[in-house]
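Chemist: Just dropping this structure here.
The values are calculated or read from the model by the stated rules, or taken from the named source; none is laboratory data. Because the structure is predicted, anything quoted here is derived from the model rather than measured. When we count neighbours, we look across all protein chains shown, and the Cβ atoms used for this are built from the backbone with ideal geometry, even at glycine.
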Amino acid sequence: MPASERHAVVVGAGLAGAATAVALCRRGWQVSLLSAGDQVADGASALPVGMLSPHVTRRPTPMSRLTALGVPITRSELERGVPVGQGWQPVEVDNRGHDTGRHPAALVRPGALVQAWVAEALATRRLSLHLGAEVRALERTPAGWRLSGPGGRALAEAGTVVLAAALGCRALTDALGMALPLRPVQGQMSLGPLQGPALAERPQRDDGVFVPEYLDTGLRPRWPERLWSVGSTYRRGATDTTLTEAAHRENLERVQALAPMAGQAMEHALAEGQVMGWAGVRCASLDRLPLIGAAPDPVAPPATRAAGVRAMPRLPGLYLNCALGSRGLALAALAGQTLAALIDGDAMPLDDDLRDAVDPARFAWRQARRGPG
Ligand SMILES: Cc1cc2nc3c(=O)[nH]c(=O)nc-3n(C[C@H](O)[C@H](O)[C@H](O)COP(=O)(O)OP(=O)(O)OC[C@H]3O[C@@H](n4cnc5c(N)ncnc54)[C@H](O)[C@@H]3O)c2cc1C
């Protein structure tokens, strides 16, 4: 794969990588999408069903503003590429605690959106998709970057590389000396086939979400076409995705609080061994905001201590799109479009303060401001 000026390599084919790849292809870039698994959306984006909704706070925060921008973008991407009933469905959700009331939302199978983005990009003939391509090393060359896999096998070379590999970004950037504060947060969702009427009129949310009915013909064969779900648990620092009875019980408590009738049904299903589960690992940053932007140069000294984060030195041609945490559906499309605009040198769809809030160099910048020791 020769390095060329309008050729980018994107690493990771989950929501973040697929959103970046399609945004670059729409802008005319040739993109090589490399991912470790044997299919796209094999990481956290394999979630059977998630909720697309904004993160609402009493006063605006960077996350509430990002999701307010991101939700309508994802929604229009769904409308553009994924038929209702084959990967998503619009709903209303009853918020029981925080931000009480009924709100518009959507239930989404992230893998359907990833597949739609990849299919669109492949149809432009500007995308080449490489599955089973685990990137083990990233090395600077005079022309840009060389990526290699197990045993040093050459995978790709390009002047522009986007790391969208969730926690996989950590090993790759650690080797460059970046020490990005990315943390795993494991979670388990409980679900099961829905037989008979739904046990609540619409999804209920407080500490977790109970989805009484989700219909998706694309869920087969792994999952039933019509299901209920509740989740998810939250285990900071854990990476083991083995399903546990304890996590099902935690989810049972959630559903008992949100919809008592559904709680009884789930308790019965648990006793009968009929509850299914899915566990995955979210990638979160120390300040819980995503990392979207140019990678910091860990070796070059910062411009001046007083200068803003944007003055931090960068590694030419290397970008990050990761740490979407629990908000991948709300953030991925916005993140992909933002990054593609940055790479093209165009205005980014984010206000300056939001751009700084998601800048991957912010941690190094804060460190530099505090000074040595
Ligand atoms: C239990 C649970 C419930 C959730 N519920 C919701 C929800 O309701 N709403 C919501 O918006 N979000 C939810 N999320 C979060 C959402 O799933 C994530 O934010 C999103 O999927 C992250 O996408 P990603 O592309 O960053 O990461 P991933 O989907 O994990 O993709 C990373 C990709 O990188 C690849 N990769 C990793 N390392 C390498 C390497 N070295 N070389 C090549 N490829 C590599 C992997 O194979 C994978 O394809 C939930 C997550 C969990 C775990």
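Chemist: Might you let me know whether segment 213-229 holds any residue that is among the polar types (S, T, N, Q) and within 14 Å of the ligand (Cβ to nearest atom)?
Modeler: yes
Chemist: Continuing with the same structure: Yes or no: segment 256-271 includes at least one residue that is surrounded by 13 or more Cβ atoms within 10 Å (Cβ to Cβ), under 21 Å from the mean Cα position of the chain (by Cα) and not assigned by TED's automatic domain parsing to the domain that holds residue 17.
Modeler: Checked against the condition, which is being surrounded by 13 or more Cβ atoms within 10 Å (Cβ to Cβ), under 21 Å from the mean Cα position of the chain (by Cα) and not assigned by TED's automatic domain parsing to the domain that holds residue 17, segment 256-271 yields no hits at all.
Chemist: Turning to a different aspect of this structure: Could you tell me whether any residue of segment 56-66 is under 29 Å from residue 205 (Cβ atoms) and within 13 Å of the ligand (Cβ to nearest atom)?
Modeler: Among the residues of segment 56-66, at least one is under 29 Å from residue 205 (Cβ atoms) and within 13 Å of the ligand (Cβ to nearest atom), which makes the answer yes.
Chemist: For segment 161-200, give me each residue that is touching a Lys or Arg at 6+ places or on another chain (Cβ under 6 Å), among the hydrophobic types (A, V, I, L, M, F, W, C) and within 13 Å of the ligand (Cβ to nearest atom).
Modeler: 182, 185, listed by residue number.
Chemist: Quick check on this structure: which one of 205, 226 is surrounded by 19 or more Cβ atoms within 10 Å (Cβ to Cβ), in contact with an Asp or Glu (Cβ under 8 Å, 6 or more places away or on another chain), in contact (Cβ under 8 Å) with a residue 12 or more places away in the chain and not assigned by TED's automatic domain parsing to the domain that holds residue 291?
Modeler: 205
Chemist: Still on this model: Condition check: in contact with a strand residue (DSSP E or B) (Cβ under 9 Å, 6 or more places away or on another chain) and modelled with pLDDT of 95 or more. Does residue 208 satisfy that?
Modeler: Here the answer is no, as residue 208 does not meet what is asked.
Chemist: Residues to consider are 115, 86; find the one that is over 17 Å from residue 335 (Cβ atoms), outside any strand (DSSP E or B) and in contact with a Ser or Thr (Cβ under 6 Å, 6 or more places away or on another chain).
Modeler: 86
Chemist: Let me ask something additional. Return yes when residue 70 is within 8 Å of the ligand (Cβ to nearest atom), of a type in the set (Gly, Ala, Ser) and modelled with pLDDT of 95 or more and no when it is not.
Modeler: For residue 70, the condition - within 8 Å of the ligand (Cβ to nearest atom), of a type in the set (Gly, Ala, Ser) and modelled with pLDDT of 95 or more - is not met.
Chemist: Based on what the data block shows, is residue 13 within 8 Å of the ligand (Cβ to nearest atom), in contact (Cβ under 8 Å) with a residue 40 or more places away in the chain and of a type in the set (A, V, I, L, M, F, W, C)?
Modeler: It is true that residue 13 is within 8 Å of the ligand (Cβ to nearest atom), in contact (Cβ under 8 Å) with a residue 40 or more places away in the chain and of a type in the set (A, V, I, L, M, F, W, C).
Chemist: Restricting attention to segment 230-254, and to residues there that are among the acidic types (Asp, Glu) and away from the ligand (no atom under 13 Å from the Cβ), which single residue is farthest from residue 283 (Cα to Cα)?
Modeler: Out of the qualifying residues, it is 253.
Chemist: While we're on this one: Of all residues in segment 121-160, how many are away from the ligand (no atom under 12 Å from the Cβ), within 13 Å of residue 31 (Cβ to Cβ), assigned to a strand (DSSP E or B) and not hydrophobic (A, V, I, L, M, F, W, C)?
Modeler: 2
Chemist: Let me ask something else about it. Please state which of the following conditions residue 174 fails to meet, knowing it meets all the rest: (1) farther than 30 Å from residue 301 by Cβ; (2) free of Cβ contacts under 8 Å to residues at least 12 places away in the same chain.
Modeler: All conditions are met except number (1).
Chemist: I'm told residue 39 meets every condition in (1) surrounded by 15 or more Cβ atoms within 10 Å (Cβ to Cβ); (2) within 12 Å of the ligand (Cβ to nearest atom); (3) of a type outside the set (Phe, Trp, Tyr) except one. Can you identify the failing condition by its number?
Modeler: All conditions pass for residue 39, except number (1).
Chemist: Separate question: What single numbered condition from (1) in a loop (DSSP other than H, G, I, E, B); (2) in contact with a strand residue (DSSP E or B) (Cβ under 7 Å, 6 or more places away or on another chain) fails to hold for residue 189?
Modeler: The single condition residue 189 does not satisfy is (1).
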